[in-house]
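Only one structure is covered here, and it is reproduced in the block below.
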Amino acid sequence: MMHQLSSQQLCSIVDGQISGNSEHFFSIISIDSRSVTEPDNSCFFAIVGERNDGHKYIADLLRRGVKTFVVQQIPAIQNLNTEACFIEVSDTLIALQKLARWNREQFDYPVIGITGSNGKTIVKEWLYELLHRERNIVRNPKSYNSQVGVPLSAWLLDKQYNMAILEAGISQPGEMQQLADIIQPTVGIFTNIGEAHQENFSDLKQKTEEKIKLFQTAETIIYCRDHELPSTLIEQTFAEKNLFGWSFTNPLSELYIQSRPHTGGTLFVLYSSGKEYRCQLPFNDQASLENMAHCLAFALSQHLLTPQILDAASGLQPVAMRLEMKEGINRCKLINDYYNSDINSLAIALNFQKQQDFQGLKRKTVILSDIQQSGQQPDLLYREVNQLLTANQIDRLIAIGPDMAAHRRCFSLPVSFFQRTDDFLQQLNPASFSEEIILLKGAREFQFERISSALQKKYHQTVLEINLNRLVDNLNVFKSQLRPETKIVVMVKAFSYGSGSAEIARILQFQQVDYLAVAVADEGIDLRRAGIDLPIIVMNPEEHSFESMIEFRLEPNIYSTDLYRRFVHAVARSAASQYPIHIKIETGMNRLGFANDQELKKLADELASNQLVKVASVFSHLAGADEALFDEFTDQQAESFIRRAAILADKLPYRFLRHLLNSAGIERFPQYQFEMVRLGIGLYGISTQGDKRISPISSLKTTVSQVKTVPAGQTVGYSRKGKVSEEMEIAVLPIGYADGYDRRMSNGNGKVFVGGQLVPVVGNICMDMCMVDVTGLDVKPGDQAEIIGDRVPLSEVARWMGTIPYEVLTNISPRVKRVYIQE
């Protein structure tokens, strides 16, 4: 168990004012009420952000048993639990950072601080893999490197460790000093400088100067001399420190590396202080080679480069910095997180598993490997694991590894023990897994990818990856443009723009959006059956579905008097009352909606005397919010909407919400946000204003099936459209128009990313496959090809097709497997 702190000690550390019972102790810090699993042992910091305020969740946490709170103001709650302790501070985030700095200062073992634009997490994880057999290492869980993530990570430092590796990321000037004060590294590593978050800095020089503030306390700084800007600034700013620069080009560097292609990867020949070392690496891309060079440079600078570490480097694999959620056998959901197994990342993975609240999948299973080199006594470690599993209401544990088997007495929940992964697979009965959520959490050497393969529902090799982190980031970007009180309805129609309705809806429900909207009742019914409890608006209700809508609590868009009266009759038959409805006003789109004032006045009269239904919102659609050309017309629509909504407001004895803005409207017309807005394509990553903070959440990928050489004079594909004038190598990809890869991309119109570059489609796209020109590239069967993603932007694909991103996304077939990832 980690160190414990009393409420009185905490108050002194953060310079607060204490109220209530100050005798409580805690060892767990939380800033998210949803992740609290051990209330008696937790302290909640009520962080105040642009759109969210942790103070809103205090009442619920009190009911759940949390007793220690750090707040900016003591909440006015009836029957306030006098057993609770409130520590009042001027800024809860600063208080969290003070606590983290205090905890860091309790330990004098080496602390490695890593910063840069890219590669921070990979370098951190690879250093851990190389060193954890010799050192007990604490590090940031996942990518906890922000103003909040670093304090939470620094709180994990404890006497059981003898080394810490902490990464720090920033997005704007002024942020690094707070992180530097917390981390206080003894060794610094600078990975590289790039364009990430550049919009908040005047140039790369300013961003580099801000990042290297992390190294003020460092005795040694590791950096690449081949990167001119950061190396110059580091050498000018820290000339008095021990600077350990490495290079692929300069033999006079502290570490000079010759890189040579080698079977299955790359051979590194290292030269330093007159000594030569050799290391065979299992990769050849430049980013991985640079990241490994940082790791080896650190080991050399600290006199840790042993034959064992060089051997360990040869077995390193790409870091899986994400949780993957996939369809499993027998209606199971499978969550893969099998790169490493430690107590801190286990807590994060269990929290993610808890978020996936599938109706009908109440059973939760964890398949866990031994936790290696934790620094804790095994008895204490596995009792803590057991406590974590039981607190997260895990129904059964499958424990793989000799350590857990030897400490079986530590576990109180149902457990099956296996010495090795092979033992589990040999005894695996697929029928023993059914309708449950399975978390796979294992150290690399246990090869849990084999278990994943056995439990995963089999699909063909084309997948659509949905990045849930980006979805939440996009949601927060749009929230930041709204008043705190403005509500949000999110459009999840058309299979959530191709992303998968239920999975997206669960994340939105967890993020506490206010409404969802679907096109037809069937979509809403599917969400209810998937366990979604949010209010759901049906934009195109049909009379035959009224009874089902009422049964499943779906709220109709009422766009005509006739539809209104027919729905009222359906409500009367169901014996319901005050049933929520949404009134659509026509203001210029000329689709659905009440089109004139007289019609609205008659509707208002009927609504005022009707107790069966109640207007929840009144709304309209903007026709051209994304184009400045139509701004005058948009203003006219808004004026019409305000006037017509007032006709209803004047007659009704209650208030309703008004919403007019879509994604483009939120970006361009914040003055018309009223009480609610509708977020659609923006959530999925399309900004009409080119906002770089908004990122596409979907990546469509497939795998090369075959590579063949086509002689000059032959043709490729149906109708012989792909004419080969010179000998050509083609790769056959298992994706076609039945998967949503449109035939308009045929014959060079479309491109895919494979073999390290964009290559054109050759010939006509077939129903289930297509062919691309990979002449001169080292492409092999099994290589990944990106159809849509960071290197083949969705906007470009839409332009090649002569359409809009909406169509591209919604055309992706349901037969394409959706894989949900959280980084």
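Brief remarks follow.
- Pick from region 653-670, criterion in contact (Cβ under 8 Å) with a residue 24 or more places away in the chain and open to solvent by 40 Å² or more (accessible area, probe 1.4 Å), ranking: nearest to ALA519 (Cα to Cα): ASN662
- Subset of region 203-219 that is β-branched (Val, Ile, Thr) and open to solvent by less than 10 Å² (accessible area, probe 1.4 Å) - its residue that is nearest to GLN172 (Cα to Cα): THR208
- Of the strands (runs of 3 or more DSSP E) lying entirely inside region 740-822, those containing at least 1 residues that are more than 19 Å from ILE730 (Cα to Cα) and open to solvent by 30 Å² or more (accessible area, probe 1.4 Å) span 817-822.
- Region 142-179 - residue that is of a type in the set (Ser, Thr, Tyr) and part of a loop (DSSP other than H, G, I, E, B) and, of those, most open to solvent (accessible area, probe 1.4 Å): TYR144
- Of all the residues in region 68-99, those that are part of a loop (DSSP other than H, G, I, E, B), modelled with pLDDT of 90 or more and either polar (S, T, N, Q) or open to solvent by 70 Å² or more (accessible area, probe 1.4 Å) (or both) number 3.
- Total residues in region 237-255, condition surrounded by 13 or more Cβ atoms within 10 Å (Cβ to Cβ) and within 17 Å of GLU209 (Cβ to Cβ): 4
- Here GLN97 meets the list (1) under 14 Å from ALA46 (Cβ atoms); (2) out of contact with any Ser or Thr (no Cβ under 6 Å at 6 or more places or on another chain); (3) not aliphatic (A, V, I, L, M) almost entirely, failing just condition (1).
- Output for region 1-42, where each listed residue is polar (S, T, N, Q), within 25 Å of PRO378 (Cα to Cα) and within 29 Å of the chain's Cα centre (by Cα): SER27, THR37, ASN41, SER42
- Complete set of residues in region 234-278 that are among the aliphatic types (A, V, I, L, M) and either within 22 Å of ILE193 (Cα to Cα) or within 38 Å of the chain's Cα centre (by Cα) (or both): ILE234, ALA239, LEU243, LEU255, ILE257, LEU267, VAL269, LEU270
Conditions tested, residue by residue: (1) open to solvent by 20 Å² or more (accessible area, probe 1.4 Å); (2) of a type in the set (Lys, Arg); (3) within 34 Å of the chain's Cα centre (by Cα).
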site	(1), (2), (3)
VAL571	no, no, no
ALA576	yes, no, no
LYS584	no, yes, no
LEU603	no, no, no
PHE619	no, no, yes
GLY624	no, no, yes
ALA628	yes, no, yes
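Matching residues to (1) under 24 Å from GLN147 (Cβ atoms); (2) open to solvent by 20 Å² or more (accessible area, probe 1.4 Å); (3) out of contact with any helix residue (DSSP H, G or I) (no Cβ under 6 Å at 6 or more places or on another chain):
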{"site": "ILE18", "(1), (2), (3)": "no, yes, no"}
{"site": "ILE31", "(1), (2), (3)": "yes, yes, yes"}
{"site": "PHE44", "(1), (2), (3)": "yes, no, no"}
{"site": "GLU50", "(1), (2), (3)": "yes, yes, yes"}
{"site": "ASP53", "(1), (2), (3)": "yes, yes, yes"}
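- Here the helices (runs of 4 or more DSSP H) wholly within region 415-526 that include at least 3 residues being of a type outside the set (Phe, Trp, Tyr), open to solvent by 50 Å² or more (accessible area, probe 1.4 Å) and closer than 30 Å to SER33 by Cβ are 468-479.
- The residues in region 278-337 that are free of Cβ contacts under 8 Å to residues at least 40 places away in the same chain and assigned to a strand (DSSP E or B) can be counted, and the count is 4.
- Unique residue being of a type in the set (D, E, K, R) and either buried (at least 19 other Cβ atoms within 10 Å of the Cβ) or over 30 Å from ASP311 (Cβ atoms) (or both) when the list is ARG139, ARG133: ARG139
- Each residue in region 532-587 was checked for being under 30 Å from GLN355 (Cβ atoms) and assigned to a strand (DSSP E or B), and 9 of them qualify.
- Residue match in region 110-127 (condition: buried (at least 21 other Cβ atoms within 10 Å of the Cβ), touching a residue at least 60 places away in the same chain (Cβ under 8 Å), under 30 Å from ASN21 (Cβ atoms) and not charged (D, E, K, R)): no
The values are calculated or read from the model by the stated rules, or taken from the named source; none is laboratory data. Note that the coordinates shown come from a computational prediction; the quantities given were computed from them, not determined experimentally. Here the Cβ is made from the backbone with ideal geometry for all residues, glycine too, and neighbour counts use every protein chain on show. Just the protein is used for accessible areas: all its heavy atoms, side chains included, with ligands, DNA and RNA removed. Shrake-Rupley method; radii C 1.70, N 1.55, O 1.52, S 1.80 Å.
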